[in-house]
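Have a look at the structure below, then the notes.
Values in this text are rule-based calculations from the coordinates and carry no lab data. Computed from a predicted model, the values in this text were never measured in an experiment. With ideal geometry, Cβ positions are generated from the backbone for all residues, glycine too; neighbour counts draw on all protein chains shown.
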């Protein structure tokens, strides 16, 4: 029987938290426990808020799915922080677009 290829779906940290919260802590392996600890510490929104913000960033700020997820995960609070973060994406963002991103982040 051929090996079934698994589909990979990018998700934000809050979405991962929602998934690992469903695992029984008594049955969780070491990786699952470490993942639970990490996402509990670094999740800044609920999974629903993260999904909604991700959609808004894609629609209203013209970001790709991956870019929107990274912004949700980091949640920059200033233009300088956002510029530093997006500098590694190998594409230039006009100031208006960056300001729109920050505006969406502040609305949450």
Counting all Cα-Cα pairs in the stretch 47-107, those more than 19 Å apart amount in percent to 16 percent
With the 8 Å Cα cutoff and a minimum separation of six or more residues, the stretch 47-107 has a relative contact order in percent of 39 percent
Neighbour-count ranking for 34, 106, 54 (other C-beta within 10 angstrom, fewest to most) reads 106, 34, 54
Each label sits 7 Å from Cα toward the beta-carbon; between residue 90 and residue 103 the label points are separated, in nm, by 3.0 nm
From DSSP H assignment alone, runs of 4+ in the chain each adding -39500 (n - 2.57), the sum over residues rounded to the nearest 500 puts [θ] at 222 nm at -18500 deg cm²/dmol
